[in-house]
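The values are calculated or read from the model by the stated rules, or taken from the named source; none is laboratory data. Only a predicted model underlies this, so the values are computations on that prediction, with no experimental measurement involved. FYI the Cβ positions are ideal-geometry reconstructions off the backbone, even for glycines, and counts take in every protein chain you see.
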C-alpha cells in the first residue's frame, strides 16, 4: 500500500511537469506570434502612411469638433488637417461644414462644436445675444477686393452704384463691408436695392443678369473677374474696412481643456508657416478642398494675409459692427459690449509669443 501510494504520487508529478512544460512552450509561441503580427502591422502602416507620428500614442489626446465655415479663409484648418498637424498634437478632430459663419457659431452655442471661425459680424451678434464664447486668435485678413460690378449695367465707378441691384449674403460681414463702402462714397443704403444671395449662388446670380453687382468672397470675385473680363470692375474697401477671420471657442471648452486650445493653435501656426514656405503646395491643397481651378486660387492667393495674432485694431472693428447692429436690430442690447471680456489670450501668448498686442 505504501509502495503503491508513492508510485501514484510520482505519476502525478510527472504529468504536472509535462503540463507546465507544454504551457510554457505555448505561451512563448503566443508571445512570438503576437510580436510578429505587431511588427508586420506597424511596418505596413509605416509604408502605407509614410509618417512616424502614426505610431505615437498621446496620453493627453483630445477629441474635438471644429465647425468649418467655408471659403478661402478656412485654409489653415484644411492645411493642418491634410498635413497631419492636428494628429501630431494628439488631436482627434471631427468636422461640421457650413457655408457661412453664423451656422458655425450656432453649433457652438448648441454644444455641437467646440471651435469655429468666422468674420467679425456674426461673432459680434453672437456675443450680443449672450453666447458664451471667447475670441482666441485672428487667422487671416484680406485686402478688401470683395465687390464687383458689371460695366454693361453702367457700373464703372463707385458713384454708379446708386439705383443698382446688388447681391450680398445678408447678416454676414460682406453686408457690413458693402454698406460701409457705399456710405464712404456718399451713397445711402436706401439708394440701392440689396438682394439676399447665398455665397454659393453669388457668381451665378451676377452672370444671369439678375444683378448689377455683388459683394462676395475673394474666390468668387476672382472667378467673376475671369468670366466678365473687360466687362467687370472690382472695387476695394481698403482704408474703409479690413476683413478679419477670427477663431472662437466655447468658453466652457476652454476652461475645461485649455491645453486642447494650445494644441489647435500649434497646429494652425504650423499651417501658417507652411503657407509661407510652400505657397504652391498650399494653393494645390486649397484648390482641392474648395474645388476651384488652380488659376483662381493663384489669383486669389495674394489678396489674403495668413497671420495668427490678436491685435488692437480688432476692437475698433468689433465696436463699429456692434453699433451698426444696434441700429438695425431692435432685439439686441442697446449697449456696445466690452469685448475685452470675450478675448482669451493665454493660449496664443504661450504658443506664439509676441503675436498678442492687446493692452490689458
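Annotations
- Looking at 211, 194, 224, 246, just one residue is assigned to a strand (DSSP E or B) and touching a residue at least 40 places away in the same chain (Cβ under 8 Å), and that residue is 246.
- Flag if residue 167 is in a strand (DSSP E or B) and touching a residue at least 24 places away in the same chain (Cβ under 8 Å): yes
- Residue selected from region 66-98 under the condition within 12 Å of residue 115 (Cα to Cα) and surrounded by 18 or more Cβ atoms within 10 Å (Cβ to Cβ), by the criterion modelled with the lowest pLDDT: 69
- Odd one out for residue 286 among (1) modelled with pLDDT of 95 or more; (2) surrounded by 21 or more Cβ atoms within 10 Å (Cβ to Cβ): (1)
- If the condition is being in contact (Cβ under 8 Å) with a residue 12 or more places away in the chain and either surrounded by fewer than 17 Cβ atoms within 10 Å (Cβ to Cβ) or more than 32 Å from the chain's Cα centre (by Cα) (or both), then region 181-191 contributes 184, 185, 186, 187, 191.
- Check on residue 234, under 19 Å from residue 121 (Cβ atoms), part of a strand (DSSP E or B) and touching a residue at least 24 places away in the same chain (Cβ under 8 Å): no
- Residues in region 129-156 that are in contact with a strand residue (DSSP E or B) (Cβ under 8 Å, 6 or more places away or on another chain) and modelled with pLDDT of 95 or more: 16 in all.
- Criterion: in a loop (DSSP other than H, G, I, E, B) and within 13 Å of the chain's Cα centre (by Cα) - qualifying residue of 113, 137, 117: 113
- Taken over region 300-321, the residue count meeting the criterion of being free of Cβ contacts under 8 Å to residues at least 40 places away in the same chain and either over 29 Å from residue 356 (Cα atoms) or surrounded by 14 or more Cβ atoms within 10 Å (Cβ to Cβ) (or both) is 3.
Listed here are the residues, each with its yes/no results for (1) at pLDDT 50 or above; (2) outside any strand (DSSP E or B); (3) at positive phi.
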{"residue": "41", "(1), (2), (3)": "no, yes, no"}
{"residue": "58", "(1), (2), (3)": "no, yes, no"}
{"residue": "64", "(1), (2), (3)": "yes, no, no"}
{"residue": "102", "(1), (2), (3)": "yes, yes, no"}
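- Filter result for residue 315 (under 26 Å from residue 171 (Cβ atoms), modelled with pLDDT under 95 and in contact with a helix residue (DSSP H, G or I) (Cβ under 6 Å, 6 or more places away or on another chain)): yes
- Residue satisfying all of: in region 335-345; touching a helix residue (DSSP H, G or I) at 6+ places or on another chain (Cβ under 7 Å) and either surrounded by fewer than 11 Cβ atoms within 10 Å (Cβ to Cβ) or in contact (Cβ under 8 Å) with a residue 40 or more places away in the chain (or both); farthest from residue 241 (Cα to Cα) among these: 344
- Positions within region 350-360 being surrounded by 13 or more Cβ atoms within 10 Å (Cβ to Cβ) and either assigned to a loop (DSSP other than H, G, I, E, B) or in contact with a strand residue (DSSP E or B) (Cβ under 6 Å, 6 or more places away or on another chain) (or both), in sequence order: 352, 355, 356, 358
- Test: residue in region 251-258 that is in contact (Cβ under 8 Å) with a residue 24 or more places away in the chain, more than 24 Å from residue 130 (Cα to Cα) and buried (at least 21 other Cβ atoms within 10 Å of the Cβ): no
Matching residues to (1) surrounded by fewer than 19 Cβ atoms within 10 Å (Cβ to Cβ); (2) touching a helix residue (DSSP H, G or I) at 6+ places or on another chain (Cβ under 7 Å); (3) part of a helix (DSSP H, G or I):
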{"site": "264", "(1), (2), (3)": "no, no, yes"}
{"site": "271", "(1), (2), (3)": "no, yes, yes"}
{"site": "298", "(1), (2), (3)": "yes, yes, yes"}
{"site": "323", "(1), (2), (3)": "yes, no, yes"}
{"site": "333", "(1), (2), (3)": "yes, yes, no"}
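- The single residue among 202, 229 that is part of a helix (DSSP H, G or I), on the phi > 0 side of the Ramachandran plot and without any contact (Cβ under 8 Å) to a residue 40 or more places away in the chain turns out to be 229.
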